[in-house]
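These notes concern the structure reproduced below.
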Amino acid sequence: MNVEEYILINQQRNEERALTYDPITGDGCDSCERALFSALELGWYDYHVPVDCYEEKIFNDLRICNFSIREYLHRCGLRYTQVNLEIVRREIIRARCKHDFEFCAASFFCIKDKDPNNVKPILFRLNRGQRRLLRLIYKYDKEGKPVRIIICKRRQVGFSTLVQLYMAWKQLFVLNMARSQVIAHVENTSRLVRGMYSLMISRLPAWLFNLPDDTKLRLSPFEKSNKTLVVREIGCRISIGSSEKPDNLAGDDVSMVHFSEVGLFKSTTNIKPEQLIQTIQSGVAYAPNTFIIYESTARGVGNFFHSEWLRAINGESDCEAFFSPWFEKEDDVLPIDDYRKFIESMTDYEKWMFEQGATLEGIAWYRMASKGQKDKWRWKSDQPTTATEAFQSTGHRLYPQDDVERLRKGCFNPSFEGEIYGEKNFGEEAVKNIIFKPERGGQLKVWFMPDKDPARQCNDRYVVIVDIGGSSDHSDRSVICVIDRYDMTHGGVPIVVAEWCGHIDHYLLAWKAVQIATAYSNALLVIESNTLETEQTEGDHFEYVLDEIAYHYDNLYCRVDAEKIAMGFEPKWGFHTNKSTKRMVCDHQKKALRENMYIETCNEAVNEHDYMEIKGNGSIGAVDGQHDDRHITRAIGIWVCYDYLNRPRKIEPRSQKDKIITRIVGESTM
């Protein structure tokens, strides 16, 4: 892109940012469909109100009267007086407030000004990021769908304000006797959010609710509770709580929940974030006019917020992911005297930010503001350009984030989900009449079934790697990963084609791996033996298990080479993971990600690469609370594909009379 193109695009962006936005007239409000409304006797003209306003009788009646209040009063048998004009004006405003959040907020919702020099409350006008979020919320509301959104944001962008005031608006003007909850990481934050509600309520005119003008709206304790308050004149309730003290939250029947700063939710001795949130969600019906929003700045990877964000991105949850970059905030700009000189001084990273949508004035601000930041990774996490940048953990990631995100591009949904079975679960008959049986929620996921095309057969085509976990639900999972090396025959890269993941007895797991390896053309079976060799419970029979498998399966990875075994050395089956070998395969995996040396199909495996970090003592492991079971099978497997096995070679088909016919029985042949 040359200088002139930068300047032209930047001009277009600045013009778009400068478009008129007036929530009172409705000019520039694009959160919902709007229609023209005029009331000349009140000095109003060319107002753009939500089309839903015409569901209200006052709007329809005025339209019939050609928007003439004089004619409307005449038809009602009323005189045209200043008092009656005021009555009509209030009726119009009440009706519009029921359908136009932006108008209602800009007219009546007072908030604390972030400008420390101004101690007086100001009326709430939405910024660009807030308006974009409102469009999404309206979309769900107008379609009659429950609102479920997870928001990853930069600091101080005002989404907590929007979410809280939108819930208040729904309670006050749309729903009847609705209840809401605000849950933050600590109770003090919840109180601050609720304080916003309290300030807003105290400034609302009573006539908006057809109450006497001298009525004072306020929040008061509900049944003597200081954590649940009620607006008695209207009947709506709001409760507060925190992830630290969740006792008062369970069991309350609510229609709207605001989870604030979810990235800071901590596990306690009594409850984990996912348990707390599941408990609260169970009290919110999945129905229209219900509302659950998670919002937070990103707080590293591997925590509950990051996991839920990834689930939303991958379409695995009922939430829609919403990200707000730093450059969406209008105020974070600096003027530029010489555009040409500034553009020529831009770094590759600044050019990338421009490609993502930042203006040159915004980049000038970012350049200046970042100069005083010692920890660049923390600055980028607090002021992210993309959601990927927001979810940076620390400066000690094992795999560069760009490499991990590039790996994610190969992921897609498996074509098969179920289990694999033989005539028995163990022993010689376990590998007879093997079938893949579809089962909902099955632990075996297959992206590509075993390839039986004679023209595509090659030696050492498949590798099966096993990471052994525990058999109980509270222990680490066991993982069996299948890698296909066929594309390496013509310069391509290996690809993950299947995975089994779950909890199972070690003995049965070993035979499950043999079944899968047998199905995939008698693949090289690599069992990560560290768990079996070091455990004092389930691993006591390690040598027996692998010796038994080796007796029945002749393609088992062995750490002792064939010559030494011939000389009388005992075979040592399996890949032993220790500090040295783990560093070796992880270093190789870093190279594999950097140089695109394999294709990953499983999103969860990519997530685990994201969680890997170098600990303070120099060891390698997942961030606290996360697993690396899938990751280690890939690290070992890709090392085996390149550094242990030779490049696979195609096998020339035998003549017809020499062919040995084999088959794996699928469900259709059962």
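For beta carbons closer than 6 Å, sequence separation of 6+ or different chains, a first residue in region 490-509 that is over 26 Å from Phe412 (Cβ atoms) and a second that is β-branched (Val, Ile, Thr), the qualifying pairs are Tyr507/Val545.
Exactly one condition in (1) at pLDDT 90 or above; (2) farther than 30 Å from Gln515 by Cα is false for Cys411; which is it? Of (1) at pLDDT 90 or above; (2) farther than 30 Å from Gln515 by Cα, only one is false for Cys411: (2). Gly26: loosely packed, with under 14 Cβ neighbours inside 10 Å and closer than 30 Å to Glu86 by Cβ, yes or no? For Gly26, the condition - loosely packed, with under 14 Cβ neighbours inside 10 Å and closer than 30 Å to Glu86 by Cβ - is not met.
Go through Val466, Val493 for me and flag whichever is in a strand (DSSP E or B), within 35 Å of the chain's Cα centre (by Cα), among the aliphatic types (A, V, I, L, M) and in the same structural domain as Leu524 (by TED's automatic domain parsing). None of the others qualify; the one that does is Val466.
Considering region 142-160, the residues that are assigned to a helix (DSSP H, G or I) and modelled with pLDDT under 90 include one that is nearest to Leu126 (Cα to Cα), namely Ser160.
Listed by position, the strands (runs of 3 or more DSSP E) enclosed by region 172-235 that each have at least 2 residues that are surrounded by 14 or more Cβ atoms within 10 Å (Cβ to Cβ) and not assigned by TED's automatic domain parsing to the domain that holds Arg89 are 179-184, 225-231.
One residue stands out among those in region 29-55 that are part of a loop (DSSP other than H, G, I, E, B) and in contact (Cβ under 8 Å) with a residue 24 or more places away in the chain: the one that is nearest to Val83 (Cα to Cα), which is Cys29. The number of residues in region 71-102 being in contact with a helix residue (DSSP H, G or I) (Cβ under 8 Å, 6 or more places away or on another chain), assigned to a helix (DSSP H, G or I) and surrounded by 13 or more Cβ atoms within 10 Å (Cβ to Cβ) comes to 16. When Thr518, Thr531 are screened for being in the same structural domain as Phe448 (by TED's automatic domain parsing), at pLDDT below 60, on the phi < 0 side of the Ramachandran plot and hydroxyl-bearing (Ser, Thr, Tyr), only Thr531 passes.
Only a single item in (1) among the aliphatic types (A, V, I, L, M); (2) surrounded by fewer than 18 Cβ atoms within 10 Å (Cβ to Cβ); (3) modelled with pLDDT of 95 or more is not met by Ala105, and it is number (2).
The values are calculated or read from the model by the stated rules, or taken from the named source; none is laboratory data. A quick note: this is a predicted structure, and the numbers were derived from the prediction, not measured. Note that each Cβ is placed from the backbone with ideal geometry, even for glycine, and that neighbours are counted across all protein chains shown.
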